[in-house]
1. List the pairs from 6/382; 28/87; 99/121 whose alpha-carbon separation is above 22 Å, in the order I gave them.
2. If R₀ is 51 angstrom, what is the calculated FRET efficiency for the pair residue 67 and residue 372, using the beta carbon separation as r and rounding to 0.05?
3. Across segment 24-33, in residue order, what do the Karplus-derived ³J(HN,Hα) couplings come to in whole Hz, using 6.51 cos²θ - 1.76 cosθ + 1.60 with θ = phi - 60° and x for Gly and Pro?
4. Between beta-carbons, use under 13 Å as the cut-off and find the net charge around residue 63, counting Lys and Arg +1, Asp and Glu -1.
5. Order of 164, 61, 296 from fewest to most other C-beta atoms within 10 Å?
6. What residues qualify as long-range amide H neighbours of residue 397, i.e. H under 5 Å apart, gap of 5 or more or another chain, H built at 1.01 Å from N?
Amino acid sequence: MKFTLKDYQEQAVDDVLTNLKHARENFKNPNKREISSFSLTAATGAGKTVMAAAAIEALFWGNDAFNFEPDPGAIVLWFSDDPSLNKQTFNRLRQASEKFTYSNLVHIEPPFAQPRLDPGKVYFLNTQKLTKSSLLTRGHVETALEGQQHIAGLPASAPDMQGWTIWETLANTIAAEDLTLYLVLDEAHRGFNTKATSDKQTIVRRLVNGTKARAPIPIVWGISATIAHFESAMQEAEATRNRRALPSVVVDPVRVQESGLVKDTLVLDIPDEAGNFDSVLVRRAARKLNDAANRWADYARSQGLLETVQPLMVLQTPNTPDPNEIGMALDTIFLEYPDLRAASVRHVLGDHSTQKFGAWDVEWIEPQRVQDEAHVRVLIAKDAISTGWDCPRAEVLVSFRPAKDHTHITQLRAHGA
């Protein structure tokens, strides 16, 4: 690892590795063949990806400090419902460990002509890659007759330039005695459609539960900022049936706070009524952004640093925002903070093209790039900032998006901290 783990991170990694060891032993035991799941829960900013990197590194190469022997057949399938989160995790894993390279961190893209996944690699996959229209599946529907593996020849429904659909690749990997497939559900409460009818399984359910043609993935490791949604989602998806629940790994937020990785205090300004984007709340937020920038600049000078943190403001909009109201908010921000430039504003809305907000033309940016693009100082978003987005320099949040769910608010507060 390139980073020295903090005490609470070491403890969490040790607990994760204990679960992974027991999960593998129980699955490989011919008298048990037990499938299992557990979750790693920590507040945003606690370093979940760093902890995951340390655990996966030990899984592949072993670790004397944790007294952990490597699993020579280990394969990690990192799954999220957002490709941008996968890209961000890809970069974070490479930053955290010198052992992760482009050769063992693999984005699954078509064509993917492999009968099985290779051990010692982390594969990244997202929901869109497993839909019927995906080039990895080409509308392939599993049937009971396809429980037989197609190692020897091509299946009749193989996608173009592929010998196997991705579902068959996963089935072959699970069936291989010398391999162990570990599924990591990133922001694990996402992706389970608890409102779906029982005869229409979601993609994540198919991954976790398996089908008549394919066994379930043996070991499921959920990573999230909240534990409640993961546990309830597993139950709603009937993914706990015949699957052993291993002890959850929960990082005490007090220990994270004491480490200095998250703020001691969050200041929330809540107006009595919704108001407009040009309200006093927006002006106050702009002043806070300016003040934060000045304080970071003072700190950099006092420490003799050549670079300083450029704090970010997030404007979180409703589902159907009024472009003119957003434009008025931007007008207000620039009046209070005239040092900003037009290029300082970007958006991460669903439409990836340049958007017109009042008199402002705002370009789209990939969410995972925001942290490193220091010139971006104001970000317009809907719900991207509450689903695993990692941007420590986001210091000011103005949200005009109603939220009642406790765990959603917890994540929103953590990301906006």
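Read-outs: derived from the displayed coordinates by stated rules, not from any lab. Computed from a predicted model, the values in this text were never measured in an experiment. Counting neighbours? That spans all protein chains shown, and the Cβs are built from the backbone with ideal geometry, glycine included.
1. Over 22 Å apart, Cα to Cα: 6/382; 28/87.
2. With a Förster radius of 51 Å, E is 0.90.
3. Values per residue, Gly and Pro as x: 5, 4, 6, 6, 6, 5, x, 7, 10, 6 Hz.
4. Values: positive: 21, 99; negative: 10, 14, 57, 64, 69, 71.
Net local charge, residue 63 excluded: -4.
5. If I rank by nearby Cβ atoms, fewest first, I get 61, 296, 164.
6. Counting only residues 5 or more places away or on other chains, the set is 314.
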